[in-house]
Amino acid sequence: MKVVFMGTPDFSVGTLEALVEAGYEITGVVTQPDKPKGRGKQMMPTPVKEAAEKHGLPVYQPRRVRDAEAIEEIRKMEPDVIVVVAFGQIIPKEILDMPKYGCINVHASLLPAYRGAAPIQWAVMNGDEVSGVTIMKMDEGLDTGDMLTKVEVPLAADETGGSLFDKLAAAGAKLLVETLPKLEKGEVTPEKQPEISTTEYARMIKKEDGKIDWTKSAVEIERQIRAMSPWPSAFTKVNGKNLKIWDAKVIAMFGGDLFSKIPGQNPTKSAGKVWVADETGLHVKTGDGILVIEELQLEGKKRMKTADFLRGYAIEPGTRLGE
């Protein structure tokens, strides 16, 4: 079985490595063009390109994969199957129909849940207890193709976007190399997806998704902090300076705003106010409950435990976080 691999970021690398280790004939690796990075704007290869070159695999980097020239180049690779893992461009019908066994996608959710670009972060954000990987035969829709195989991956109580990323990348690589032989032998029964996803569309994460709204509950904000780690990170402001929040825990939920029941307190006005600032962390009032910030990073400073931070930067009770 001749394989063409299409992928770009770190998430894709494990699957490419698994295909190499399994002994598949990889006739081409298609990835996004190099991009300038850093202050010097030095052109940097994609993680998939670096991995492919390490194994001596031919690399092709079209600007637009739907261009006629790109389609013809991929056709010359004579794929029996095309494996797509977070490639980053829409695959045209000419390529979808090209290989004998189709274009096979490794998608980081249990479809039909979380169709879209960021299923990992949204699973953490929404407090899911289980995520997983679906191997799907691609069609012209957005993550709507027939499901071939699945594997479930439980989420830990302290799961972050980064840790789930690593778990699903490894699970997807393993499942893909288990699925391809079955596909070749006709031992896989495709399962059609329902027209409607079981969750909202998992849109791409933007930097502003990390901004904390303190009127939300402590539980929601704690999930956001974990989902946004390592990128774009959850953030707020303290005394006009940007403050990233890396780790926090919920210590109290009231089923409503406790502070609204205290004379002189207003639930909206109290949200974001520091209640306690000591060696246990910053205890912050939210729309419902208390969130204790245990690890943070002030702009221009290194990431550190809150107790260490407070030894050199005073935050008084009553200080309000946010705009």
query: Given K150/K192; K49/K207; K2/K76; K150/K174; K37/K211; K167/K216, which pairs have Cα atoms separated by over 22 Å?
result: K49/K207; K37/K211; K167/K216
Cα principal axis extents for the range 209-310, largest first, Å: 39, 26, 24
task: Specify which labelled value, from [x] 44, 22, 16; [y] 30, 23, 19; [z] 27, 25, 19, agrees with semi-axes √(5λ) of the Cα gyration tensor in Å derived from the coordinates of the model shown.
output: [x]
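Can you compute the helix-only [θ] at 222 nm over the chain? Use -39500 (n - 2.57) per DSSP H run of at least 4 residues, normalise by all residues, nearest 500 deg cm²/dmol.
Value at 222 nm, helices only, nearest 500: -7500 deg cm²/dmol.
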message: Suppose each label sits 7 Å from its Cα in the direction of the beta carbon; what would the E73-E279 distance come out to in nanometres?
response: 6.1
Local electrostatic count, V250, Cβ distance below 11 Å [Lys/Arg +1, Asp/Glu -1]: -1
- line: Surrounding charge for A113, neighbours by C-beta under 15 angstrom, Lys/Arg +1, Asp/Glu -1, total -4
query: So, in nm, how far is label K192 from label A156 when the simple model puts each one 7 Å beyond its Cα toward the Cβ?
result: 4.1
field: Burial ordering of I90, I135, I290, fewest other beta-carbon atoms within 10 Å first
entry: I90, I290, I135
statement: In the chain, whole DSSP H helices that both stretch 15 Å or further along their axis by alpha carbon positions and average at least -0.5 on the Kyte-Doolittle scale are 10-21, 161-184
- line: Ranked from fewest to most other Cβ atoms within 10 Å of their own Cβ, T198, T236, T149, T15 fall in the order T198, T149, T236, T15
- line: Most exposed to least, judged by fewest other Cβ atoms within 10 Å, L321, L57 sort to L57, L321
message: Please report the antiparallel percentage of the DSSP beta bridges confined to the range 2-184, to the nearest 5.
response: 50
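Can you figure out the FRET efficiency of K207 with D10, using R₀ = 22 Å and their beta-carbon distance, to the nearest 0.05?
Here the calculated transfer efficiency is 0.70.
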- prompt: Can you give the relative contact order of the chain as a percent, counting alpha carbon pairs under 8 Å and 6+ residues apart?
  reply: 13
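Run the dipole for the range 209-310 about the Cα centre, Lys and Arg Cβ at +1, Asp and Glu Cβ at -1, nothing else charged, and hand back the magnitude in debye, nearest 20.
260
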message: If I take every Cα pair under 8 Å that is 6 or more residues apart in the range 2-184, average their sequence separation and divide by the length, what percent do I get for the relative contact order?
response: 21
task: Only Lys, Arg, Asp and Glu count, each charged at its Cβ (+1, +1, -1, -1), so figure out the dipole size of the chain about its Cα centre, rounded to 20 debye.
output: 1240
For T27, net neighbour charge (Lys/Arg +1, Asp/Glu -1) across residues whose Cβ lies under 10 Å away: -1
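Taken together, the values in this text are just the output of simple stated rules run on the coordinates, not laboratory data. What you are looking at is a predicted structure, and each value in this text was computed from that prediction instead of being measured. All Cβ positions, glycine included, derive from the backbone under ideal geometry; neighbour counts span all protein chains shown.
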